[in-house]
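The values are calculated or read from the model by the stated rules, or taken from the named source; none is laboratory data. Quick caveat, the model's predicted, so the values are computed rather than measured. Note that we place each Cβ from the backbone using ideal geometry, even for glycine, and neighbour counts take in every protein chain shown. Side chains included, ligands, DNA and RNA excluded: accessible areas come from the protein's heavy atoms. Shrake-Rupley method; radii C 1.70, N 1.55, O 1.52, S 1.80 Å.
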Amino acid sequence: MHPLARYLLTRLGIGVVLAFGITLVTFTLANLVPGDPVQAALGEQASANPAIVQQFREDMGLDKPLPVQYVTYLGNLLQGDFGVSVQTRTPVALELQRAFPATAELATAAILLSILVGIGLGLMAALRRGKTVDHVIRLVSLLGISAPTFWLALVAYYVVFYQLRLLPGSGRLSPGAVPPPNVTGFYTIDSVLAGQWATFGDALSHLILPGTVLALSTIGLLTRFARSSVLDVLSLDYVRAARAKGLPSSAVTLRYVLRGALVPIITVLGIAFGSLLSGAVLTEKVFAWHGIGEYAYNGATRLDLPAVMGVGLVVGITYILINLAVDVLYGFLDPRVRRA
Amino acid sequence: MTAVENTRSRPRRFALPKALRSPLGVIGASIIAVWVVAAVLAPWIAPADPLAQSFPRLQEPGGTNILGTDAVGRDILSRVIHGARISLPLALLVVVSSMILGTVLGAIAGYFGKVLDEVIMRVADLVFAFPTIILALVIAAALGPSLTNAFIAMLVVSWPGYARVARSLVMVARQNEYVVAGRLLGASALTSLWRDVLPNVISPVLVLATLNVGAAILELSGLSFLGLGAVPPLADWGAMVSDGVHQFSSWWIALFPGLAILTVVVAFNLVGDSLRDSLDPTMAKAVNGGKR
């Protein structure tokens with residue numbers, strides 16, 4: 001078999017196994033709950049009646065052994081049944097389906113911003129190693145990884161929206177604005193597809209503040225990594241050779257250094273995305289961004305277990321898919337990986 | 001200076017004093033020291049009872065209450081100072097416990113290999129398959145909101161980083177001739193692991209632990225922010241920032257506890273970074289492999 005094909009198949013296999021693992025984790029946790037799920041589902045009055053409880057347990061398959069329950073649970077998940085939210089009495093799958101595109105749009109904007117800024121800053125710091133620029137960038141990235149995202153969100157909301165009124169602070173569109181026809185679920189892309197430029201501007205301006213806040217911690221992470229990755233490449237023979245043969249330094253930087261440094265940077269993109277998803281859970285509430293983060297916040301504060309488990313599943317699976325994509329990209333870009 | 005010191009091949013069990021010679025490390029250590037003192041002396045230096053609702057509500061900073069009061073009339077300065085008594089010990093407890101658990105499991109996996117290795121490391125992979133705070137959120141939500149459960153959730157998500165590092169270091173260390181010789185001389189597997197192999201693992205794992213304290217504080221305060229850690233009315237930094245979400249026009253409610261988190265995390269990251277820089281490059285690489 002072609003080494004690249006084998007590498008991709010192995011990665012895919014690991015991804016599938018991990019996805020099953022994630023369902024096992026949420027299933028186990030859902031069964032760990034100290035409170036009685038039957039009582040939670042039926043309410044105070046109905047659970048006082050043993051006949052109703054018995055009937056409910058049989059209906060829901062709760063009288064069967066755990067492995068059987070797990071298979072049932074998996075079957076339900078595959079049919080898109082994530083349970084019913086205790087709080088809103090709506091199917092969790094439906095609410096997640098509604099919320100997911102919002103978070104996906106926010107996270108995509110944030111990751112693009114952080115890749116651009118993070119790699120740029122890292123490159124600048126490495127090229128001016130030990131100079132003032134390097135120290136300033138180091139300080140900024142240190143603050144980026146050390147500041148609690150949920151607090152940054154509040155500070156940004158207060159300063160930029162509440163005091164300065166520079167940017168809209170909550171929601172995906174201005175109140176009263178009609179969302180563009182749904183194609184991708186991304187308001188920015190959908191509005192362009194529909195040719196609604198005013199909506200596009202509105203959606204974009206709503207995206208800036210939460211997107212920037214979310215990107216800040218990832219920028220810190222990527223800057224640090226990009227800096228050390230560029231430094232590694234700068235000392236390699238092929239870069240010195242390029243300089244020696246008299247290429248202009250901008251060409252050396254872009255075509256030789258950056259290209260060589262990008263490959264290891266790709267490996268941290270998965271981790272960066274993970275921190276973005278975590279950040280989304282902690283910041284969406286502040287910006288009234290109706291995504292899975294806000295859903296998770298509401299679920300957690302109200303102890304709505306099916307909702308929280310649903311978010312855990314969706315984020316876990318998304319994270320696996322992203323890491324899979326990163327691995328694939330890496331496999332294409334770096335031939336050494338395939339042989340290992 | 002560094003080059004001269006590196007040529008001496010003494011065992012690096014005590015990397016701390018050297019790392020603290022870097023100016024940034026000193027700054028970090030001083031900030032930590034200030035917070036530790038504040039935490040220990042909190043009952044004496046805090047101007048008011050952190051739980052007493054004894055002042056006018058939503059006072060701006062600068063009056064009788066230096067940092068203002070919150071929505072129920074509690075003194076924010078006192079709450080921030082007392083908050084150090086929750087965040088610091090809990091984060092350290094999380095880091096130390098997960099370091100011990102992860103190192104033991106990783107060392108067992110690396111030393112004995114085979115089935116044990118497979119089982120332990122596959123479980124570790126599973127934990128790595130989640131973004132940290134999401135898994136912690138799911139666990140803490142299932143167990144119910146309390147500091148103990150937040151600790152358990154953090155322990156579950158934190159040990160695999162140490163296990164990976166310890167495992168890879170042990171796998172290298174056990175190839176050493178003196179380890180093999182020890183076994184041939186009749187040392188049992190456990191004795192050999194404890195006496196000959198583990199000393200190779202300790203200093204990188206300690207550095208990793210220092211690097212992770214900041215992240216642990218951030219994640220714990222994140223859980224409290226979500227209402228899954230400290231239960232009201234406890235003075236916890238994350239929970240205090242969360243109070244500010246509903247009172248955002250009173251900026252001081254969220255600003256100061258957030259600054260407290262920021263300074264502590266920056267300080268631990270400074271110390272952790274200078275400790276890592278004092279390790280030799282191969283070990284520093286191993287340490288980086290265990291970071292989240």
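Things worth noting here:
- Of all residues making up region A:3-27, the number that are surrounded by 13 or more Cβ atoms within 10 Å (Cβ to Cβ) and within 12 Å of another protein chain (Cβ to nearest Cβ): 12
- Identity of the residue in region B:39-49, surrounded by 14 or more Cβ atoms within 10 Å (Cβ to Cβ) and in contact with a Leu (Cβ under 9 Å, 6 or more places away or on another chain), that ends up modelled with the lowest pLDDT: B:A48
- In region B:169-204, the qualifying residues are those that are polar (S, T, N, Q) and part of a helix (DSSP H, G or I), and the one that is nearest to B:A284 (Cα to Cα) is B:S203.
- Just one of (1) open to solvent by less than 30 Å² (accessible area, probe 1.4 Å); (2) at pLDDT below 90; (3) more than 14 Å from chain A (Cβ to nearest Cβ) fails for B:V172. It is (1).
- Yes/no for B:L147 being open to solvent by 30 Å² or more (accessible area, probe 1.4 Å), closer than 26 Å to B:V179 by Cβ and out of contact with any Cys (no Cβ under 9 Å at 6 or more places or on another chain): no
- Counted as qualifying within region A:42-153 are the helices (runs of 4 or more DSSP H) with 1 or more residues that are under 26 Å from B:G222 (Cβ atoms) and either assigned by TED's automatic domain parsing to the domain that holds A:L254 or open to solvent by 30 Å² or more (accessible area, probe 1.4 Å) (or both), namely A:92-127, A:132-146.
- One residue alone among B:L88, B:L137, B:L101 is out of contact with any Leu (no Cβ under 6 Å at 6 or more places or on another chain) and open to solvent by 20 Å² or more (accessible area, probe 1.4 Å), and that residue is B:L101.
- Some residue of region A:247-257 being more than 26 Å from A:G211 (Cβ to Cβ), touching a Lys or Arg at 6+ places or on another chain (Cβ under 6 Å), more than 9 Å from every other protein chain (Cβ to nearest Cβ) and open to solvent by less than 50 Å² (accessible area, probe 1.4 Å): yes
Each row is one residue, and each column tells you yes or no for (1) touching a Gly at 6+ places or on another chain (Cβ under 6 Å); (2) at pLDDT below 75; (3) among the acidic types (D, E).
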| residue | (1), (2), (3) |
| --- | --- |
| A:P3 | no, no, no |
| A:V17 | no, no, no |
| A:L24 | no, no, no |
| A:D36 | no, yes, yes |
| A:G43 | no, yes, no |
| A:F56 | no, yes, no |
| A:Y70 | no, no, no |
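- Matching helices (runs of 4 or more DSSP H) fully within region B:49-168 where at least 2 residues are more than 12 Å from chain A (Cβ to nearest Cβ) and closer than 22 Å to A:G21 by Cβ: B:76-112, B:114-128
- Failed item, numbered, when A:A296 is tested on (1) closer than 23 Å to A:T149 by Cα; (2) within 14 Å of another protein chain (Cβ to nearest Cβ); (3) assigned to a helix (DSSP H, G or I); (4) open to solvent by 50 Å² or more (accessible area, probe 1.4 Å): (4)
- Scan region A:171-187 for residues that are in contact (Cβ under 8 Å) with a residue 24 or more places away in the chain and touching a Pro at 6+ places or on another chain (Cβ under 9 Å) and the total you get is 7.
- Test set (1) more than 11 Å from the chain's Cα centre (by Cα); (2) assigned by TED's automatic domain parsing to the domain that holds A:S217 - A:S278 fails condition number: (1)
- Members of region A:201-253 that are among the basic types (K, R) and over 29 Å from the mean Cα position of the chain (by Cα): A:R240, A:R243, A:K245
- When restricted to residues that are at the interface with another protein chain (Cβ under 7 Å from one of its Cβ atoms) and surrounded by fewer than 24 Cβ atoms within 10 Å (Cβ to Cβ), region B:210-248 contains 3.
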